[in-house]
Amino acid sequence: MKIGVAQTEPVKGDIEKNLYKHLAFIESASDKHSSLLMFPELSLTGYEPELAKELATTATDPRFTPLQ
């Protein structure tokens, strides 16, 4: 089993741009035959406590479908 760890630099509060970056990391890891790729906590929203309420999502948010 190959495990990958992604170190991202999130765009503050921009879930769509960060999701795009995640998908690029996933594609790269897949090309290298990784079975599992781990991302840092809050890497989709950035580490922004003052924006947490505004950026809150749910498990059914359709933007995350490509991550499935």
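Readers should treat all values here as calculations from the given coordinates under stated rules, not as data from a laboratory. Nothing here was measured: the structure is a model prediction, and the numbers come from that model. FYI the Cβ positions are ideal-geometry reconstructions off the backbone, even for glycines, and counts take in every protein chain you see.
Odds and ends about this structure:
- The residues in region 23-62 that are without any contact (Cβ under 8 Å) to a residue 12 or more places away in the chain, assigned to a helix (DSSP H, G or I) and either over 13 Å from Ala6 (Cβ atoms) or not polar (S, T, N, Q) (or both) can be counted, and the count is 8.
- Residue match in region 2-17 (condition: in contact with a strand residue (DSSP E or B) (Cβ under 8 Å, 6 or more places away or on another chain), of a type in the set (A, V, I, L, M, F, W, C) and assigned to a loop (DSSP other than H, G, I, E, B)): yes
- Checking each residue in region 22-49 for being under 8 Å from the mean Cα position of the chain (by Cα), buried (at least 17 other Cβ atoms within 10 Å of the Cβ) and within 15 Å of Gln68 (Cα to Cα) picks out His22, Phe39, Leu44.
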